[in-house]
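Asks: Here you go, one structure.
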Amino acid sequence: MRANAILPLVGINIAGAAATDTGVSPPFGGNIKRIFRGQNERALSGSGDMSFDDDFWAYDSGSTDVTWDDYSMEPKRCMIYKNKHVIAFDLFGKGHNQCRKKKQGTYLMDVGLFAKAYVGQKQVDYGLQGNDYDLPDALDYMECTAVEYNDVYYYAKLGCSSAGGLKVLAYTDEYCTVEVGTNIGLYNDIKISFNVCQTCVSWPAESTDDYSNADDDEEDEIELDDNFENYHMYDSKLCGAAAQYQQSCGWGCKKEVKKALSSSASSSKRAWGGFEKFCLFLWSVTAIALIWVVLKQRRMMSREDAIVEEAAMNGLGLKKRHVFPLALGIIFFVLFAMFMVWKKLTWLLLIGTNVGLFAHFVFLRRKAKKSGAGGDGYVKDAGLEIS
């Protein structure tokens with residue numbers, strides 16, 4: 001049963017709470033860049049299409065102070081910092097080379113406000129491509145909202161999950177301060193691409209006459225403002241809102257962000273990926289196949305070769321009865337390393353076993369050819385009867 005929203009309660013003031021008095025000129029303390037000196041205001045491209053426009057966008061007066069087309073943003077992680085659910089992000093200036101340099105700084109923004117700005121940007125971006133971006137249900141829980149689930153009343157609010165993503169959390173109080181782990185049937189459907197460089201301004205795809213259809217219905221043609229080419233470079237729902245509602249991230253904050261990112265990276269390393277699982281399966285099957293061909297090849301050993309092999313083993317302090325337990329031990333350690341996700345040890349044991357089996361097979365093969373594929377007599381090897 002899906003939880004039903006009852007009423008929005010006291011939460012974040014969309015228009016101004018959690019906002020710092022930064023404005024958008026310049027962005028986060030950068031340099032002002034004005035191209036049209038005689039033009040102080042611009043048309044808000046795309047803002048008329050927003051299905052959830054309200055006071056949240058009131059800060060955007062059409063200023064041309066910041067050329068957002070020069071900037072890009074990289075959301076880092078959703079995290080809890082000083083008991084607040086926030087999203088940490090980096091801003092990059094002109095010439096950033098896919099967010100590799102020209103970093104302007106690291107900032108924080110309330111998770112609900114960031115999610116709303118992110119969805120607003122997606123709607124504009126999709127609209128410029130002639131597509132629709134549906135409004136996510138999770139935006140209904142930007143503020144602390146009473147919900148009913150299985151005849152029990154809870155409060156729901158968008159926040160951060162333990163994995164660093166977004167999650168609709170359940171609370172017992174009207175201020176959403178006492179979190180509970182109860183599943184109230186609400187799920188986050190806002191998909192933010194973390195650790196991915198995202199341009200602040202996107203442009204419509206250029207149409208080419210070579211591939212255009214001959215139909216004149218212009219069904220997919222996008223209607224743009226007359227001054228779209230001149231003003232769109234200043235219009236960014238995501239970066240503009242981030243400049244308005246951002247919070248500074250000092251040394252301690254950056255340390256927490258780095259710690260959260262490192263923990264996320266280490267947890268991802270402690271799991272086998274799809275390609276790694278395929279390689280594990282491939283090497284395991286190869287090892288089984290090599291064991292079979294080695295045992296088959298040993299049946300062609302002469303008694304003389306078997307005696308020489310036994311003497312060599314005795315020189316190392318090994319008996320034939322030790323071979324089988326050693327083989328079981330190697331198999332056990334490989335399986336245990338797989339289970340514990342000790343990747344280096346797993347690859348070392350698995351690939352080393354395959355190399356050793358293959359080398360032994362080649363050795364036996366050459367011996368058999370030299371001895372004319374003898375095989376007189378009967379040989380017992382490690383408890384296995386091999387003739």
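Asks: Output the number of residues of the range 170-191 satisfying the condition of being under 25 Å from residue 109 (Cβ atoms) and over 21 Å from the mean Cα position of the chain (by Cα).
Replies: Counting residues in the range 170-191 that are under 25 Å from residue 109 (Cβ atoms) and over 21 Å from the mean Cα position of the chain (by Cα) gives 10.
Asks: Moving to a separate point now. Mind listing whichever residues of the range 72-103 are part of a loop (DSSP other than H, G, I, E, B) and crowded, with 20+ Cβ neighbours inside 10 Å?
Replies: Result: 96, single match.
Each row is one residue, and each column tells you yes or no for (1) open to solvent by less than 40 Å² (accessible area, probe 1.4 Å); (2) part of a helix (DSSP H, G or I); (3) at pLDDT 85 or above; (4) of a type in the set (Val, Ile, Thr).
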site	(1), (2), (3), (4)
282	no, yes, yes, no
285	no, yes, yes, yes
292	no, yes, yes, no
297	yes, yes, no, no
307	no, yes, no, yes
313	yes, yes, no, no
323	no, yes, no, yes
335	no, yes, yes, no
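Asks: Still on this structure, I have one more. Under the condition of being open to solvent by 70 Å² or more (accessible area, probe 1.4 Å) and aliphatic (A, V, I, L, M), which residue from the range 197-235 is modelled with the lowest pLDDT?
Replies: Taking the candidates together, the pick is 214.
Asks: State which residue is surrounded by the most Cβ atoms within 10 Å (Cβ to Cβ) when the search covers only the range 123-182 and only residues that are among the polar types (S, T, N, Q) and in contact with a strand residue (DSSP E or B) (Cβ under 9 Å, 6 or more places away or on another chain).
Replies: Only one residue tops the list, namely 145.
The values are calculated or read from the model by the stated rules, or taken from the named source; none is laboratory data. As the structure is a prediction and not an experimental result, all values here were calculated from the model. Quick reminder, even Gly has a Cβ in these numbers, built from the backbone with ideal geometry, and neighbours come from all protein chains shown. These accessible areas exclude ligands, DNA and RNA; they are computed on the full protein's heavy atoms, side chains included. Shrake-Rupley method; radii C 1.70, N 1.55, O 1.52, S 1.80 Å.
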